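Below you'll find the structure, written out as structure tokens, and then a few comments.
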Amino acid sequence: MNAASKYTWVGEDEEDEIDLDDDEMVIDQQQQNPNAPTSTTTTTTNTRFAPQQEQKKAGGFFSNLFGSSNSNNNNSTQSFSAPPPPQQRQRVVQKTKVKKSNTNVLVTKVGILESETTIATGDPIFCKKCKVCFSNINKFDMIQLNDGTQAKNVPTSGGLQQGEGEAKKWICEFCSEVNEINIFPEEIPQSNIVDYILESIPVDPNNNNLNVEEKPKKKSFDESPVVFCIDTSGSMVLTSLINDTSKINPKYFNKTDPEFKKYGDTSNSHNSPKYISRLDCVKMGIDSQLDDFYKEVPNKKVGIVTFSSTVTVIGDGLGLPAAIPSDAINSLSKLIEHGTSHSIENPISKSKYSLDQIVEKLKGAGSTALGPAAAVCVGMGAASPGSKIVLCTDGEANLGLGSVEDRDPKASMDFYTQLAELARNNGTTISVLAIKGTNTKLEFIGKLANITGGEIDIVDPLNLSDDFKSALALPTIATNVSLKLFLHSGLYVTNNGEKCDNSSVENVIGNANKETTVAFEYGVKSRNLIDKDLKSIPFQLQLYYTTLDGKKCVRIITQTQEITTDKNLAEQHADIDVLGINLVQQSSKIASKGDYSNSRAKNVTNANYLDHVMNTKITSNNPVATESMDEQISSTAIWKKQAQKLETHLASSIKKEKSEKQQQEGADLYSYRQSSRSDTTANVLYNMSSMSKTKAKKF
């Protein structure tokens, strides 16, 4: 767990009332380090809720660089009269209430499962009232943090009471419940981060008498199967002009195949225009990835499934391609069954030559049976936890299950959700790559990636080699991951932007990689529920997970945090990146549901709070606050850039709705926004809902 501050701020929640209209608001303003060697010192201008047109009145970057257009110029020999100002339209303002931002934020980095930790003896013991796991947190002078460093522990109330033998009393540090427990000394946790093994690695039914020396090696991430699910419909033969041929594999220009001549000039003339189809770009991307697998991970199993009017299982290329019967494309159970019967048997070291030959001969024609193809791929990966599917398409699904053409949007969304949950339960990750400049209904098919922990992106076909690499760059480190977050009983926690009165929350993660990150906000239910003599408040994260070799575990992470009623002190010790991750994740999750007003208000409020925190740090004499100031300012700029991107998309979507005179309200409006969402907006929302520090730097 990473807290947004060294301190929990104990104070009552307050509200802001935000004026919103359909004009885009400017968030992304620059900030300067006052200690930097510059001639002027500038703190951030608070951009509080001003529409973009109004904020630009004073002149922007170029007017500052070249001088204001209103400045007197003594060398000018001409005078110009300014045109009359444009008539200002009347703003229609909507007042939206939103909780004021503060530092009470936690970011749970599930990627911590990648590192090994202490294995606890015995079984976990849980509080009979609040279900917190016994941790012995008050007995530690120092506690471990996610990054491997240590921090001083500040004991809280409660803890293990001395007793005779193994019978002891444990007063829960979270809810003060008195628990009678039986525990041996060796079972008392010796660290604030421990793993309990709930189920051992399943025994191989064909060899259930393995001795220590004969036990199988731990499964390697690199050996997990990969299935490329490739669109070969008619639209994939559409071509694009290539200005830079250096990125193109020469064999796609030197062909004499008549089919290729339809797509481009095969001559060697540097002056003749050259074109390439979307499908050939996909072929190049797969070629590149197969080469990398062959050189770097020769034991990896790779398969291919294509879809157009039919779904064809190519598999590892060493057997005959198998077309899925047309009577199966509307039956999920049949599609999954066909997939499981076509498991990938051979590693890339044996199959590369065959796959190369088959990929080169792929043709494009027909409709887009995307949903059935994805279902077959899920079946193929079902028996191999950690398997990955990379789906690449340029158009809407229009045949079989998952078709979004003339179908009930809810039925289509339900299908992709159901399929994604099935894949997640099997430990399969699905990444979705949509070709730039097309309409794929990414809001629907993006569910496959969003739920399974895969990548979502809109890609330039000429860069598919890099995009395939990115989609496969993060191996799955654990499957069937779920988290339970517990706070002191005097606190509440929000979940996906919604406040609840509970002091705990549970989320299903599914497949986790080292970048998997989830943010939560919390607050004080009532000051009366927090003992005024309390020095710190405890937090506990329970991560339930299954390793790739089938072992089931729970990782218990318990930390304490000092409390303060001084909001300024909490802000001086704030972590900009934790606040930034929360800013982006919370706002995008609210927007994903269709509630753009609350999302925009939350987004702008949190972005302004970043400014406020940075100004607090800059003007503080606290050396902790001003440490690594340039890095903190840089991080603030990154997160505000993400906030601006979200504001741009939401404001644009609202304007589009008004231009189309949409009359829906409430739930109907939210549903309409989801079903009609553009690919670019869907891509932004999906990526922001799983935002991490690493992703923010490149997205």
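What to note about this one:
- All positions within region 123-137 that are buried (at least 19 other Cβ atoms within 10 Å of the Cβ) and either outside any loop (DSSP other than H, G, I, E, B) or hydroxyl-bearing (S, T, Y) (or both): C133, S135, I137
- Contacts under 9 angstrom Cβ, first residue in region 300-321 being under 14 Å from V226 (Cα atoms), partner at pLDDT below 95 and charged (D, E, K, R), 6 or more apart: K300/D222; K300/E223; K301/E223; K301/E345; G315/E345; D316/E345
- Within region 138-168, tally of residues that are touching a Pro at 6+ places or on another chain (Cβ under 6 Å) and either exposed (fewer than 10 other Cβ atoms within 10 Å of the Cβ) or aromatic (F, W, Y) (or both): 0
- Looking only at region 573-608, and only at residues there that are among the hydroxyl-bearing types (S, T, Y) and buried (at least 20 other Cβ atoms within 10 Å of the Cβ), the one that is nearest to S628 (Cα to Cα): T605
- E180 being more than 34 Å from the chain's Cα centre (by Cα), surrounded by fewer than 14 Cβ atoms within 10 Å (Cβ to Cβ) and among the charged types (D, E, K, R): yes
- Cβ separations smaller than 9 Å between residues 6+ apart or across chains give the following pairs from region 658-682 residues that are farther than 17 Å from S599 by Cβ to residues that are of a type in the set (A, V, I, L, M, F, W, C): Q662/L669; Q663/L669; S675/V404; S675/M413; S675/F444; D679/A434; D679/L442; D679/I458.
- Taken as a whole, the condition of being touching a residue at least 24 places away in the same chain (Cβ under 8 Å), surrounded by fewer than 19 Cβ atoms within 10 Å (Cβ to Cβ) and charged (D, E, K, R) does not apply to E521.
- Within region 458-467, at least one residue is part of a helix (DSSP H, G or I) and of a type in the set (D, E).
- Test: residue in region 89-96 that is over 25 Å from K499 (Cα atoms) and surrounded by 19 or more Cβ atoms within 10 Å (Cβ to Cβ): no
Residue by residue, here is whether (1) of a type outside the set (A, V, I, L, M); (2) under 30 Å from T558 (Cα atoms); (3) modelled with pLDDT of 75 or more holds:
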| position | (1), (2), (3) |
| --- | --- |
| S176 | yes, yes, yes |
| L198 | no, yes, yes |
| E214 | yes, no, no |
| K218 | yes, yes, no |
| P225 | yes, no, yes |
| L238 | no, no, yes |
| K255 | yes, no, no |
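- Test: A570 is surrounded by 22 or more Cβ atoms within 10 Å (Cβ to Cβ), assigned to a helix (DSSP H, G or I) and among the hydrophobic types (A, V, I, L, M, F, W, C): yes
- Any hit, region 392-400, residues being over 26 Å from N513 (Cβ atoms), crowded, with 24+ Cβ neighbours inside 10 Å and over 25 Å from the mean Cα position of the chain (by Cα): yes
- One residue alone among V613, V624 is in a helix (DSSP H, G or I) and either under 28 Å from N568 (Cα atoms) or in the same structural domain as Y7 (by TED's automatic domain parsing) (or both), and that residue is V613.
- Test: residue in region 466-473 that is farther than 25 Å from S588 by Cβ and either of a type in the set (S, T, N, Q) or in contact with a strand residue (DSSP E or B) (Cβ under 8 Å, 6 or more places away or on another chain) (or both): yes
- Any hit, region 432-443, residues being part of a helix (DSSP H, G or I) and modelled with pLDDT of 95 or more: yes
- Per the listing S470, S482, S526, S536, the residue uniquely assigned by TED's automatic domain parsing to the domain that holds I286 and either at pLDDT 95 or above or not aromatic (F, W, Y) (or both) is S470.
- Meets criteria (of a type in the set (F, W, Y) and touching a Cys at 6+ places or on another chain (Cβ under 7 Å)) for F140: no
- Index of the failed condition, V613 passing every other in (1) of a type in the set (A, V, I, L, M); (2) at pLDDT 95 or above; (3) touching a Pro at 6+ places or on another chain (Cβ under 8 Å); (4) farther than 27 Å from S482 by Cβ: (3)
- Within region 648-699, considering residues that are assigned to a loop (DSSP other than H, G, I, E, B) and surrounded by fewer than 17 Cβ atoms within 10 Å (Cβ to Cβ), the one modelled with the highest pLDDT: S678
- In summary, strands (runs of 3 or more DSSP E) completely within region 273-344 and bearing 3 or more residues that are within 31 Å of the chain's Cα centre (by Cα) and buried (at least 16 other Cβ atoms within 10 Å of the Cβ) occur at 302-307, 311-315.
The values are calculated or read from the model by the stated rules, or taken from the named source; none is laboratory data. Note that the structure is a prediction, hence the values are computed from the model and not measured. All Cβ positions, glycine included, derive from the backbone under ideal geometry; neighbour counts span all protein chains shown.
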